[in-house]
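None of the figures in this text is laboratory data; all of them are computed from the coordinates on show. Treat the numbers as computed from the prediction; the structure is a model and nothing was measured. A quick note on method: Cβ atoms are made from the backbone with ideal geometry, for glycine too, and the neighbour counts reach across all protein chains shown.
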Amino acid sequence: MDEFVFFLNKAVISGLIIGSIYALGAVGLTLIFGILRFAHIAHGDMMTLGAFVTLVLAGAVSLTGVQSPVPLSLIAFIPAMAITAVVAIGIDRMFYRPLRERGSRPIIIVMASVGVMLMLQGLVRILAGVGTRNMFFDQPKDIYRIALPGTPRELVLTEPQAVLIGFTAVAVIALHLFLTRARLGKAMRAVSDNPDLARISGIDINHVVAATWVIGGGLACAAGSLLSMDVVLKPDLSFNLLLPIFAAAIVGGIGQPYGAIAGGFLVGFSETLAIFNWSVLLRPFAGVLPAWLEVPGNLALVPTEYKLMVPFVILIIVLVYRPTGIFRGRVL
Amino acid sequence: MSFLSIDGLSAGYGQMSILSDVVLQLDEGEIGVIVGANGAGKSTLLKAMFGLVNITAGSIRLAGDDITGMAPERLAARGVAFVPQEYNIFPTLTVNENLEMGAYSRRDDFSAVIEGIYRIFPPLADKRRQMAGELSGGQRQMVAVGRALMIEPRLLLLDEPTAGLSPMFMSEIFDRVLAINATGVTIVMVEQNAKQALAIAHRGFVLANGMNAFTDTGANLLANPEVARSFLGA
Ligand SMILES: Nc1ncnc2c1ncn2[C@@H]1O[C@H](COP(=O)(O)OP(=O)(O)OP(=O)(O)O)[C@@H](O)[C@H]1O
Ligand SMILES: [Mg+2]
């Protein structure tokens, strides 16, 4: 039983956490692809940027001496989402829209987004330095321990993890309602389905594009902020995020928001299950197993340092066997 | 002065010129039918009327106002709607959502208009929550035309509404076109099925190589042996 709780903590909760992060990133990526038809390489760095904005806001408020009952970062990430959304629209106006209007091919815009990625990386390093930063500078992280019957071991969840799980649930429901009920949300799906007919129907593409960046930038900020609250803020956060969120978006079917969410959790759980040490679960059976079968100390499928291999392998398998992804998206 | 009046229109894609010096006049409440061989420029003419191709010369006037090269949302405000030849629905949106998108430029309550469209196309009424891409070809065409009708247009541009349909569905669509026209909507329709289409046309326009070849009433064109020989496959 203790071992099972260990499994819940190390594999299930961790999978849920990292899966939420990937899902929030992948949704933005897939919407941007669906509407604007290019792979937004700078999305990982939009997540880093969002986390940085959260840190700056929280830091600025703490300088005023305000006493807050909860860690400032946990509040600051909400306005930071709005700021990141505005920055995302600004980046689009400055770098991507002129190319679109000139009728540039998607690969050109992808290259522009590589440039934006490098720029954002440089910007965050200039402003925040290259070191790691603690998002909980004002007060320690609460840790929730949930007692389980029949075992002294407890489920462990930190404050930002709890917020992340709640936020992801709310964001998914809100996004669903927006896309199926709101006039602008339906127009987003229409543009993703058939941009020419959307234009013929008089849909204002600029509104739809702005909404896409608001959702993509806002969710990227939330994911980046909550991830760095859970661990620490590093300027190279995006390095470990970009591949998994692309894998999640492609697994889910490019352009399919629900697919991206499913893909995010699929990639997240695959990662944590692949690095989980399965021998822990076998240890209780050591007495009943035949003597010649000794349980090795480490039975993880992939060593932790190679965790990035998991989304990579998933990506290759999907691209070879089902390039449209689970939810039948577009082929890249 | 005609309700719709196209004068000396030349248009094309980028540098490539497709239409030259096209003339087309239609009175309010009429059905105009454009026929011609594949590649004659029929679709290009409709797209030019909807501001979707490069116009190099000439003018398009609607009820006396110049609408040459006007953007779709402004045309919608003037009551012009267009059903393209291909890719004319939103496949992953429901039937009802397709109709709502047709009304995107309207800010008033259009629920009565939607119900009116389900009366014109009864097969759609039970499928309103179904994805449009899952419907049969005939029903998809109904969605496409229904979407365009959502602005309650004065002028409806239809590009081959019967393409790929079996003869039974074809006459059903022609019946609907007549019914829509009976409500006062002026219609410009491109058709491959020239004989049936000219039979319901007030005015017919035969295009060849991007130019006017014959222009007359529908009945006269059908009776014209030269038109019959070269364009009606008879
Ligand atoms: N998007 C485009 N870009 C470049 N050329 C085009 C484009 N669309 C059509 N054309 C060319 O313009 C000419 C006229 O095409 P159009 O579609 O108007 O013909 P059509 O009379 O509608 O034919 P069909 O009966 O096959 O629909 C053709 O030579 C076609 O190859
Ligand atoms: Mg055509």
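The HN-Hα couplings worked out from phi for the stretch B:44-52 by the Karplus form 6.51 cos²θ - 1.76 cosθ + 1.60 (θ = phi - 60°) are 4, 5, 5, 4, 5, 5, 9, x, 9 Hz, whole numbers, x standing for Gly and Pro. Above 31 Å lies some portion of the pair distances; for chain B, what is it as a whole percent of all C-alpha pairs? Above the 31 Å cut-off, chain B has 19 percent of its Cα pairs. A DSSP coil position with no more than 14 other Cβ atoms inside 10 Å describes the following trypsin sites (Lys or Arg not before Pro) in the stretch A:73-115: A:Arg102. Backbone amide hydrogens, once placed in the peptide plane, bring B:Thr94 within less than 5 Å of B:Ala132, excluding anything fewer than 5 places away on its chain.
Of all beta bridges that DSSP places with both ends in chain B, some 55 percent have antiparallel geometry.
Peptide A:179-192 is shielded by partner chain Cβ atoms: per residue, an average of 3 of them sit within 10 Å of its Cβ. Determine the shape class of the stretch B:75-170: with a ≥ b ≥ c the square roots of the Cα gyration tensor eigenvalues, call it rounded for a/c under 1.5, and otherwise prolate if a/b is greater than b/c, oblate otherwise. Taking the square roots of the gyration eigenvalues as a ≥ b ≥ c, the stretch B:75-170 is oblate.
With Cα atoms defining each centre, the stretch A:80-158 and the stretch B:134-177 are spaced 47 Å apart in the structure. By the compact-protein rule of thumb, 2.2 N^0.38 Å, the alpha-carbon radius of gyration of the protein assembly as shown corresponds to a ratio of 1.22.
Largest GNM mean-square fluctuation among A:Ile143, A:Ile261, A:Ile21, using chain A with Cα springs under 10 Å: A:Ile143. Per residue, the average separation of C-alpha pairs within less than 8 Å and at least 6 apart gives chain B a relative contact order of 26 percent. So how tilted is helix A:205-230 from the main axis of chain A? Cα-based, degrees 0 to 90, rounded to 10. On a 0 to 90 degree scale, this one is about 30.
Across the stretch A:2-321, the mean sequence separation of Cα contacts (distance under 8 Å, 6 or more residues apart), normalised by length, yields a relative contact order of 35 percent.
Each Cα pair under 8 Å and six or more residues apart adds its sequence gap; the mean of these over the residue count of the stretch A:1-159 is a relative contact order of 30 percent. Over the stretch A:2-321, all Cα pairs binned in 20 Å intervals from 0 give whole-percent P(r) values of 30, 54, 15, 1, listed from short to long. Ignoring lysines fewer than eight residues from A:Lys186 along the same chain, the ones with Cα atoms less than 28 angstrom from its Cα are B:Lys47, B:Lys127.
Sequentially through the stretch B:25-33, phi angles give Karplus couplings (6.51, -1.76, 1.60; θ = phi - 60°) of 10, 8, 8, 4, x, 8, 10, x, 10 Hz, Gly and Pro residues having no value and appearing as x.
Which of the residue pairs A:Lys10/A:Lys307; A:Lys234/A:Lys307; A:Lys141/A:Lys307; A:Lys141/A:Lys234; B:Lys42/B:Lys195 have a Cα-Cα distance greater than 24 Å in the structure shown? The partial results should precede the final answer.
Details: A:Lys10/A:Lys307 14 Å; A:Lys234/A:Lys307 18 Å; A:Lys141/A:Lys307 26 Å; A:Lys141/A:Lys234 18 Å; B:Lys42/B:Lys195 16 Å.
Check vs 24 Å cut-off fails for A:Lys141/A:Lys307.
Coupling constants for the stretch A:111-117 follow from the phi torsions by the Karplus curve (6.51 cos²θ - 1.76 cosθ + 1.60, θ = phi - 60°), and in residue order they are 5, 4, 6, 5, x, 4, 4 Hz; glycine and proline get x.
For B:Asn212, the residues whose amide H sits under 5 Å from its own are B:Val23, ignoring neighbours fewer than 5 places away on the same chain, with H placed 1.01 Å from N.
Mean-square fluctuations from a GNM of chain A, with a 10 angstrom spring cutoff on Cα atoms, peak among A:Asp45, A:Asp236, A:Asp142 at A:Asp142.
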